[in-house]
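The values are calculated or read from the model by the stated rules, or taken from the named source; none is laboratory data. Predicted model, so just to flag it, every value in this text is computed and none were measured. Every residue, glycine as well, gets a Cβ built from its backbone with ideal geometry; the counts of neighbours run over all protein chains shown. Calculation scope for accessible area: heavy atoms of the full protein, side chains included, ligands and nucleic acids excluded. Shrake-Rupley method; radii C 1.70, N 1.55, O 1.52, S 1.80 Å.
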Amino acid sequence: IKKIGVLTSGGDAPGMNAAVRGVVRAALSEGVEVYGVYDGYQGLHQNRIEKLNRQSVSDVINKGGTFLGSARFPEFRDEKVRQQAIENLKIHGIDALVVIGGDGSYMGAKKLTEMGYPCIGLPGTIDNDVAGTDYTIGYLTALNTVIDAIDRLRDTSSSHQRISIVEVMGRHCGDLTLMSAIAGGCEYIITPETGLNKENLLAKVKEGIYKGKKHAIIAITELMTDVNELAKYIEDETGRETRATVLGHIQRGGQPTAFDRILASRMGAYAVDLLLEGHGGRCVGIQNEKLVHHDIIDAIENMKRPVRTDLYKLADKLF
Ligand code: ADP
């Protein structure tokens, strides 16, 4: 391995820059050249690829977003488009590609690997929905952002005896909602793992009011229901003012926390180690504090993320 490429893809996450920096600095220290691909698979297809040096990643470790840019590029599902991408990599003499992104980006990396081009996947997403890792890069930063928002909602909800519904990101994974509900002291948690039963929720909210609760905060994962309609339903049934807040893209921005910077740096350097050891078609994770790697095809097709039943039980006790 003499030259490697690196790209960020899918939804951006705080810490992606630190991961790119980790790849670049670790590779250069081993005498390997690094090429940055702009705007994910789109830039790969359009051959927007540039050589990076040490300075290319100066002053980025503390920055949110991704300086390489990211894109949604559904065309990458087309084999001809991927073939062109591989040809572009070959023009530059790039032997392997590090892809930093979520499970969608892993699909692209898996397909390139199946076409004979070695990729290493690094989990970069605030959703924590990637198999084979306890934490994804960006997740814990986003968690702090969500908690900050919930704390603010709590102040105003409590003052007005209001019910608040807060919609949290995570796509089809409830981790961000569950953890932010525990840390933010929310009364009710609704995630893809628990499902939404409106009648049950209403009964619990009414019970809380009966017990004299001044306010209620309901944390719910995005894409489950229309939260404004849910708020109206609860308000109509309880007579208490109920407001929904969709946190949205606020959750994706901001400076990465120390944990995410360190995790990203470690994973970036580890990806380079794996490539130098001759591995390809792997994805990196951290499990029980140790860096690990799994077959990327296996990770997508067979591995499942564990549901944190222990934490759901804890949450039940705390409310
Ligand atoms: P994330 O990586 O955050 O999950 P997406 O699901 O949008 O975000 O995926 C990012 C990109 O990965 C897509 O825009 C597309 O370019 C590529 N991708 C996703 N699914 C596939 C697939 N089945 N085959 C090839 N490329 C894919």
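Take the cross-link list Lys213/Lys313; Lys51/Lys290; Lys211/Lys317 and give me the ones stretching past 24 Å between alpha-carbons. Among Lys213/Lys313; Lys51/Lys290; Lys211/Lys317, the Cα-Cα distance tops 24 Å for Lys51/Lys290.
Dimensions of the chain based on its C-alpha atoms, expressed as ranges along the principal axes with the largest first, amount to 69, 36, 33 Å. So, with a 1.4 angstrom probe, what is the percent of accessible area on the chain that is carbon and sulfur? Here it works out to 47 percent. Over the residues of the chain, the helix contribution to mean residue ellipticity at 222 nm works out to -13500 deg cm²/dmol, using -39500 (n - 2.57) for each DSSP H run of at least 4.
Each Lys and Arg contributes +1 and each Asp and Glu -1, all at the Cβ; summed about the Cα centre of the chain, the dipole is approximately 460 debye.
Mean-square fluctuations from a GNM of the chain, with a 10 angstrom spring cutoff on Cα atoms, peak among Tyr210, Tyr35, Tyr117 at Tyr210. When the Gaussian network model of the chain links Cα atoms closer than 10 Å, the mean-square fluctuations of Lys110, Lys63, Lys290 top out at Lys290.
Residues in the stretch 24-48, backbone N under 14 Å from the label point at Met115 (7 Å along the Cα-to-beta-carbon vector): list them, ranges by number please. Residues 41-47 fall inside that zone. Specify the residue with the greatest mean-square fluctuation among Asn88, Asn302, Asn53, computed from a Gaussian network of the chain linking alpha-carbon atoms under 10 Å apart. Per the Cα network of the chain with a 10 Å cutoff, Asn302 tops the list. Hydrodynamic radius of the stretch 1-69 by the Kirkwood approach over all distinct alpha-carbon pairs: 12.0 Å.
Projecting the Cα positions of Ser105, Gln287, Ile300 onto the charge dipole of the chain (unit charges on Cβ atoms of Lys, Arg, Asp and Glu, taken about the Cα centre) puts Gln287 furthest along the positive direction. Centre-to-centre, using Cα atoms only, the stretch 1-40 and the stretch 240-319 are separated by 18 Å.
In whole percent, what relative contact order does the stretch 12-170 give with Cα contacts below 8 Å and a gap of six or more residues? Provide the component values of the computation, followed by the final result.
Numbers: 215 pairs, mean separation 34.7, N = 159.
Reported relative contact order: 22 percent.
Accessible surface area normalised per residue over the chain is 44 Å², counting heavy atoms of protein chains with a 1.4 Å rolling probe.
What separates the Cα centres of the stretch 108-150 and the stretch 193-230 is a distance of 29 Å.
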